[in-house]
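The values are calculated or read from the model by the stated rules, or taken from the named source; none is laboratory data. Bear in mind that the values here come from a model prediction, so they are computed numbers and not experimental data. Virtual Cβ from ideal backbone geometry, glycine too; neighbours counted across all protein chains shown.
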Amino acid sequence: SPVPAKPWADDEQAWNLSSQELLAPARFALDMYNYGRAAGTRAVLGAVRGRVRRAGQGSLFSLEATLEEPPCNDPLVCPLPETKKTVLCSFEVLEELKEHLLLRRDCSPVNAKVTEFRNATFSSFLPLLDKDPLPQDFSVKMAPLFKDFMTTYNRTYESREEAQWRLTVFARNMIRAQKIQALDRGTAQYGITKFSDLTEEEFHTIYLNPLLQKESGRKMSPAKSINDL
Amino acid sequence: APPEWDWRKKGAVTEVKNQGMCGSCWAFSVTGNVEGQWFLNRGTLLSLSEQELLDCDKVDKACLGGLPSNAYAAIKNLGGLETEDDYGYQGHVQTCNFSAQMAKVYINDSVELSRNENKIAAWLAQKGPISVAINAFGMQFYRHGIAHPFRPLCSPWFIDHAVLLVGYGNRSNIPYWAIKNSWGSDWGEEGYYYLYRGSGACGVNTMASSAVVN
């Protein structure tokens, strides 16, 4: 059925969920956060609180959690020594028919003042990482986001067929963005951009520069280092 | 090198530009560098013409790509660069319309920088923004924050995008490069990309260069 504009009616509850209710969505969010990490490098859950909004057979959990990142001792991975650090995360986890879907993940070190990005849009669809082709009706679920994308970036398409095709590309790209997100070791957030309706091939062909790796170019003399100046 | 540096705060960087549907990043990377060099050596910040390079640099291939090293040579051979106002960006190749009388800046030479990121940082802080090339892995979907892609996915051997280093620093103890991109200010952090600094992430250290303005 079509996704309503505001599926979560105004029955918002306070941050008072019991530990028992939080267990499954928090564990799922943590698993997604640690996706792709080797044993010994995974973060562990500290404190967590949450609230839930329910509609039909679905529950949308909003979680705030502290995660403890292990110290990094591998000079190949982190050239600068890093001690254990605490990360504050906001998660939104959709639970429907006992299946979970991570809709949003927004994490930053506790001491960082990176609140300016709190309003980032949907950026996490991690459970779909290894599902190809697209899960049935996934494009339909993406339709509201795609509509927002078209509005935000002033996109029009020549035909209904092209719009449908672009929606499929967009949905696939959301999954691609989440693969990239899962494998990024920095603080970058990946998600919807103005290039979200382009296939990987289109993006490479139109915007990138293949000559940089194919040709060596003109030889230049080395710059004097600053010490020599 | 100082612990952090940002040429944007010192007036050496023009507004973020937009290459449009054209693989002309190489031209934007080079004009950004020359803009900085001219400002630091002559005291005037001028927005310079990428279209001149698309049209008149016959070694490079306009929207199909190019190399900064060739572009420096073209600028030197042509006799300089016109400004953006005088030779505006069209996003597709046209007949060369460069006039030496209209050139507002010139360069004397170009140099290749060290691959050592500490030396690159020191050079940047003292001499100005630097043209670099990177592997653009993930940039299609980058929104904000410091990108630090898993190395095998962002190999230094697959360089496919030229950009401009304008500064560096640390956010929450994570070292980064501040990179001016040419995809408009509605991409990334107001047109900028932040990339992990210190591990040669995405090949950022492999093709650093600059024009020389005496």
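For region B:47-58, the candidate set comprises residues that are within 14 Å of another protein chain (Cβ to nearest Cβ) and within 23 Å of residue B:36 (Cβ to Cβ); within that set, the residue that is surrounded by the most Cβ atoms within 10 Å (Cβ to Cβ) is B:50.
Going through (1) buried (at least 19 other Cβ atoms within 10 Å of the Cβ); (2) at the interface with chain A (Cβ under 7 Å from one of its Cβ atoms); (3) of a type in the set (Ser, Thr, Tyr) one by one, residue B:114 falls short only on (1). Could you please find all residues in region B:72-104 being of a type in the set (A, V, I, L, M, F, W, C), assigned to a helix (DSSP H, G or I) and surrounded by 17 or more Cβ atoms within 10 Å (Cβ to Cβ)? Within region B:72-104, B:73, B:74, B:75, B:78 qualify. Out of curiosity, is residue B:4 touching a strand residue (DSSP E or B) at 6+ places or on another chain (Cβ under 8 Å) and touching a residue at least 60 places away in the same chain (Cβ under 8 Å)? Yes, satisfied.
Looking at region B:25-35, can you tell me whether even one residue there is part of a loop (DSSP other than H, G, I, E, B) and either without any contact (Cβ under 8 Å) to a residue 12 or more places away in the chain or farther than 26 Å from residue A:225 by Cα (or both)? Among the residues of region B:25-35, not one is part of a loop (DSSP other than H, G, I, E, B) and either without any contact (Cβ under 8 Å) to a residue 12 or more places away in the chain or farther than 26 Å from residue A:225 by Cα (or both), which makes the answer no.
If you filter region A:182-227 down to residues that are crowded, with 19+ Cβ neighbours inside 10 Å and of a type in the set (Asp, Glu), you find that the one that is modelled with the lowest pLDDT is A:184. As a summary of the residue check, residue A:158 satisfies the conditions (1) more than 19 Å from residue B:158 (Cβ to Cβ); (2) within 28 Å of the chain's Cα centre (by Cα); (3) charged (D, E, K, R) except for the one numbered (2). Just one of the numbered conditions (1) at pLDDT below 90; (2) in a helix (DSSP H, G or I); (3) more than 13 Å from every other protein chain (Cβ to nearest Cβ) is not true of residue A:163: (1). Is there a residue in region B:148-158 that is modelled with pLDDT of 95 or more, more than 7 Å from every other protein chain (Cβ to nearest Cβ) and touching a strand residue (DSSP E or B) at 6+ places or on another chain (Cβ under 7 Å)? Looking for residues that are modelled with pLDDT of 95 or more, more than 7 Å from every other protein chain (Cβ to nearest Cβ) and touching a strand residue (DSSP E or B) at 6+ places or on another chain (Cβ under 7 Å), one finds none in region B:148-158, hence no. If you go through region A:57-91 and pick out every residue that is modelled with pLDDT under 75 and away from chain B (no Cβ under 14 Å), you end up with 1. May I ask you to verify whether residue B:145 is out of contact with any helix residue (DSSP H, G or I) (no Cβ under 6 Å at 6 or more places or on another chain), on the phi > 0 side of the Ramachandran plot, facing chain A (nearest Cβ under 8 Å) and surrounded by 22 or more Cβ atoms within 10 Å (Cβ to Cβ)? When the stated conditions are applied, residue B:145 passes them. Being of a type in the set (Lys, Arg), within 7 Å of another protein chain (Cβ to nearest Cβ) and in contact (Cβ under 8 Å) with a residue 60 or more places away in the chain holds for only one residue in A:185, A:218, and it is A:185.
The single condition among (1) at pLDDT 75 or above; (2) at positive phi that residue A:40 does not meet is (1).
Okay, residues lined up against (1) within 30 Å of residue B:115 (Cα to Cα); (2) assigned to a helix (DSSP H, G or I):
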| residue | (1), (2) |
| --- | --- |
| A:156 | no, no |
| A:194 | no, no |
| A:197 | no, no |
| A:206 | yes, yes |
| A:219 | yes, no |
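Say whether the condition of being within 20 Å of residue B:160 (Cβ to Cβ), facing chain A (nearest Cβ under 9 Å) and part of a loop (DSSP other than H, G, I, E, B) is met by at least one residue in region B:124-134. No, every residue in region B:124-134 fails to be within 20 Å of residue B:160 (Cβ to Cβ), facing chain A (nearest Cβ under 9 Å) and part of a loop (DSSP other than H, G, I, E, B). The residue of region B:182-198 that is nearest to residue B:79 (Cα to Cα), among those that are within 10 Å of chain A (Cβ to nearest Cβ) and touching a residue at least 60 places away in the same chain (Cβ under 8 Å), is B:182. Look through region B:43-69, keep the residues that are of a type in the set (A, V, I, L, M) and part of a helix (DSSP H, G or I), and return whichever of them is farthest from residue A:206 (Cα to Cα). The selected residue is B:53.
Is it the case that some residue within region B:161-171 is assigned to a loop (DSSP other than H, G, I, E, B) and either at pLDDT 95 or above or at the interface with chain A (Cβ under 9 Å from one of its Cβ atoms) (or both)? No: region B:161-171 contains no residue that is assigned to a loop (DSSP other than H, G, I, E, B) and either at pLDDT 95 or above or at the interface with chain A (Cβ under 9 Å from one of its Cβ atoms) (or both). Contact map, region A:139-157: first residue away from every other protein chain (no Cβ under 14 Å), second residue exposed (fewer than 13 other Cβ atoms within 10 Å of the Cβ) and of a type in the set (D, E, K, R), Cβ cut-off under 8 Å, separation 6 or more or different chains; the map is empty.
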